[in-house]
Amino acid sequence: MAKLCVDGARRMYEYCESNKLPYERVGKLIVATAEEELPILKNLYERATANKVQGIELLDGHQVQELEPNVRCLQALHSPNTGIVDYAAVGRSYARDFLHSGRGEIHTNFEVKKIDADENRGVELTSQRNETVKAKWLITCAGLHSDYVARLAGGAKGPTVLPFRGNYHELKPEYRKLVKRNIYPVPDPKFPMVGVHLTPRVDGRVLIGPNSALALSKEGYAFWNLNIKDALTFAATKGLWKLVLGNPKIVFQEIWRDVNIKAFVGEAQRYCPSLKVEHTTKGWAGVHAVAIDDTGKIISDFLFESGKAGRVLNVRNAPSPACTSSLAIATTVVDRAAREFDWKNEADILEREPGSASSAGG
């Protein structure tokens with residue numbers, strides 16, 4: 001996973017350069033504010049060093065303040081090569097690459113209700129509006145719905161993909177100079193979400209967030225969103241109950257931060273005490289797809305699965321950070337598909353011109 005991040009970041013910078021997409025190498029600090037976080041930080045440093053992360057270094061609290069005067073911590077991991085980019089613009093660029101290649105089409109608002117696959121006839125997908133798309137092979141990468149779609153394609157029942165809603169707030173314009181870099185807390189190994197962090201954007205805004213509250217709908221972008229089918233599926237998932245019962249304090253803290261702005265901002269105040277609630281304004285929410293096994297363990301690596309008739313490959317899980325690593329992830333998926341579908345004699349599919357892997361991943 002770390003190697004994907006290193007390779008993905010390098011390729012993303014190259015991609016942004018070649019496509020004239022704006023980005024900045026602002027750097028990143030992962031800050032430890034408590035003694036018990038120091039061994040975790042040291043382990044992160046050792047892993048980053050082993051994976052040849054460029055310029056990585058450990059800093060003490062005084063060195064951190066020289067870089068970020070408003071940040072307080074005992075120690076921090078500094079990654080000067082970490083950057084920021086508008087990933088919506090990157091996604092649109094991937095789409096243009098794919099369409100300009102002449103290799104296919106992009107269908108949006110195509111909610112799949114049926115997948116038929118035959119060894120000789122190939123694959124046919126049918127939408128809720130009874131539209132159809134035919135193909136020789138199918139790779140499913142359905143994010144929040146990857147468990148549902150994989151089952152339509154002949155996959156196993158599990159793992160279940162749980163939706164964790166993450167709210168974002170942002171700094172008001174007059175407080176945007178509070179930090180210059182990405183400031184992240186040390187992740188909790190028991191609940192490996194990124195935690196509430198401060199993130200500058202290429203448009204000058206600074207985000208605060210996200211929290212990680214379990215939603216009751218795959219599309220649970222608001223606290224009150226409820227989907228009965230999704231909620232019943234989650235309730236019947238053994239792994240979810242084991243996750244909740246094994247980490248009750250963390251789970252309910254995340255829900256509390258979802259509805260209480262003081263608790264939300266308080267997480268960032270642990271390392272940026274000068275930050276105040278009145279410095280912030282409401283942003284938006286995203287939903288993070290989290291695959292979980294029956295033991296309650298969050299799956300953090302690739303999970304591939306063969307589907308129907310040797311014509312389908314299900315990507316049940318892909319590692320985070322998926323945006324940074326998207327080009328490297330795309331290559332991994334295409335390489336796996338080449339083996340799965342025996343593409344060695346399909347020169348047109350295996351062709352590796354610049355951007356082709358990103359089109360498959362985009």
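For segment 1-80, the percent of C-alpha pairs falling in each 10 Å distance bin, counted from 0 to the bin holding the largest distance, reads 17, 42, 29, 11, 1.
Quick one: length gained pulling LYS282 to THR126 fully straight, 0.36 nm per residue minus the C-alpha distance? Result: 52.2 nm gained on full extension.
Taking amide H as placed 1.01 Å from N in the peptide plane, the amide H of ASP188 sits under 5 Å from that of MET193, each at least 5 places away or on another chain.
Do any chymotrypsin sites (Phe, Trp or Tyr not before Pro) in segment 182-287 lie in a DSSP loop with no more than 11 other beta carbon atoms within 10 Å, and if so, which?
Taking segment 182-287 and a limit of 11 other Cβ atoms within 10 Å, the loop chymotrypsin sites (Phe, Trp or Tyr not before Pro) found are TRP224.
Estimated from the Cβ-Cβ distance and a Förster radius of 25 angstrom, the FRET efficiency linking ASN109 and LEU232 is about 0.45. Each part reduced to its alpha carbon centroid, segment 36-50 and segment 178-251 end up 23 Å apart.
What's the extension gain from ASP118 to GLU36 if we count 0.36 nm per residue and subtract their Cα-Cα distance?
24.0 nm
Rounded to whole Å, the principal axis extents of the Cα atoms in the chain read 66, 46, 37, largest first.
Taking every C-alpha pair closer than 8 Å and separated by at least 6 residues, the mean separation divided by the residue count of the chain gives a relative contact order of 21 percent. Of the solvent-accessible surface of segment 21-109, computed with a 1.4 Å probe over protein heavy atoms with every protein chain present, carbon and sulfur atoms account for 50 percent.
The mean sequence separation of alpha-carbon pairs under 8 Å and at least six residues apart, normalised by the residue count of segment 81-187, gives a relative contact order of 13 percent. Taking amide H atoms as placed 1.01 Å from N in the peptide plane, the amide H of ILE299 lies under 5 Å from those of ALA291, ILE292, ASP293, each 5 or more residues away in sequence or on another chain.
Volume per residue of the convex hull around the Cα atoms, evaluated for segment 271-344, comes out as 165 Å³.
Here the calculated FRET efficiency for LEU99 and ASN51, from their Cβ-Cβ distance with R0 = 56 Å, stands at 0.95, rounded to the nearest 0.05.
Relative contact order of segment 143-257, taken over Cα pairs closer than 8 Å and 6 or more residues apart, is 24 percent. Converting the Cα gyration tensor eigenvalues of segment 99-238 into ellipsoid dimensions via √(5λ) gives semi-axes, longest first, of 37, 22, 14 Å. Let's test the formula: R0 of 25 Å, r as the Cβ-Cβ distance of ARG270 and ARG25. What FRET efficiency results, to the nearest 0.05? After rounding, the FRET efficiency stands at 0.45.
For segment 225-329, which whole percent of the accessible surface, found with a 1.4 angstrom probe, sits on carbon and sulfur atoms? C and S fraction of accessible area: 61 percent. For ASN260, what is the net charge nearby, where nearby means another residue's Cβ is under 14 Å from its Cβ and Lys, Arg count +1, Asp, Glu -1? Once all neighbours under 14 Å are counted, the net charge is 0.
Leaving out ligands and nucleic acids, note down the accessible area per residue over segment 204-270 with a 1.4 angstrom probe, in whole Å².
Spelled out: the 1.4 Å probe surface of segment 204-270, per residue, equals 53 Å².
Antiparallel beta bridges, as assigned by DSSP with both residues in the chain, represent about 85 percent of the total such bridges. Amide hydrogen proximity for HIS288: with H placed 1.01 Å from N in the peptide plane, the residues at 5 or more positions away or on another chain lying under 5 Å are PHE164, ARG165, GLY166. In a DSSP loop and with at most 16 other Cβ atoms within 10 Å, the GluC sites (Glu not before Pro) in segment 115-207 are GLU119, GLU131. The simple spin-label model puts a point 7 Å past each Cα toward its Cβ; for ASN247 and ALA309 those points are separated by 4.1 nm.
Can you give the translational diffusion coefficient of segment 206-293 in µm²/s, computed by Stokes-Einstein from the Kirkwood radius over Cα pairs at 20 °C and 1.002 mPa s?
148
The values are calculated or read from the model by the stated rules, or taken from the named source; none is laboratory data. No experiment lies behind these values; they were computed from the predicted model shown. Reconstructed Cβ throughout: ideal geometry from the backbone, glycine too, with neighbour counts over all protein chains shown. Surface areas here come from the heavy atoms of the whole protein model, side chains and all, with no ligands, DNA or RNA. Shrake-Rupley method; radii C 1.70, N 1.55, O 1.52, S 1.80 Å.
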